[in-house]
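The values are calculated or read from the model by the stated rules, or taken from the named source; none is laboratory data. Because the structure is predicted, anything quoted here is derived from the model rather than measured. Glycine also receives a Cβ, built like all others from the backbone with ideal geometry; neighbour counts cover every protein chain displayed. What goes into the accessible areas is simple: the full protein's heavy atoms, side chains included, and nothing from ligands, DNA or RNA. Shrake-Rupley method; radii C 1.70, N 1.55, O 1.52, S 1.80 Å.
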Amino acid sequence: MKISSLIGILFFSLMMALPAEAEAQVRRASRTTVVKVNRPAKRKVRRTKRRIHRRTLRSLPAGTRAVAFRSVSYYPVRGQYFIARKGVYVRTFPPRGFRVRTLAVAPLRIVVRGRPYWYAQGVFYTKNNEEYEVTETPVGAVVPELPEDAEEIVLDGVTSYELNNAVYKEVDDGFEITELLEEE
């Protein structure tokens, strides 16, 4: 027989020979130390009962041309974008990097930390040559009003608004973007 087999048999028989009380005492003697770790609490977002659903269109206005980006066709209608889903057109926000030559509505020029942005219908753009390119929403930007798609939420007990994964809080001269939510 091998040495390891003999040691295993010896250990097993020794454990069987110990009384149950001794085993219980051994278990009580070992203590577990619990260490509390302070982690940042998850942000609680509560949506109010009045939920505004994204708009849908049964058909597009005549002459609407698709703008293709990453194999998806986006249909611009009055400054908003729609994609085809199950026989209807659903309001969506174009992803970062999406470019158009002109915007259907006049954009608002906003400067945040010295960098100019153009804002229209909940989307922030930067100018790249003669095109408008969708960019990440800049935290700290203040817009005079929100589109009707903005959803009222309660974030840590404070009433705010969510639009295009950005949280807006009402301030004296409009609505300020205070943080960005992670995409679901």
Inset, instruction - Provide the gained length on full extension for the span residue 67 to residue 90, in nm with one decimal, where the gain is 0.36 nm per separating residue minus the Cα-Cα distance. - result: 6.8 nm
Legend entry - Share of pairwise Cα separations in the stretch 114-184, more than 16 Å, in percent: 48 percent
Inset, instruction - Just reorder 149, 173 by solvent-accessible area, largest first, 1.4 Å probe, all chains present. - result: 173, 149
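In the stretch 73-139, what is the volume of the convex hull around the alpha carbon atoms, normalised per residue and reported in Å³? Don't skip to the end; give the middle numbers.
Details: hull volume 5.7 nm³, N = 67.
So the per-residue hull volume is 85 Å³.
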Legend entry - Two-decimal ratio, the stretch 58-179, of alpha-carbon radius of gyration to 2.2 N^0.38 Å: 1.11
Inset, instruction - Find how much the distance from residue 104 to residue 126 grows on full extension, using 0.36 nm per residue of separation minus their present alpha carbon separation; answer in nm with one decimal. - result: 6.4 nm
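Ranked by accessible surface with a 1.4 Å probe, highest first, in what order do 71, 59 come?
Working: 71 125, 59 80 Å².
Ranking 71, 59 by accessible area, largest first, yields 71, 59.
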Inset, instruction - Sort the following peptides by mean Cβ neighbour count (other Cβ atoms within 10 Å, averaged over residues), highest first: 75-83, 106-114. - result: 75-83, 106-114
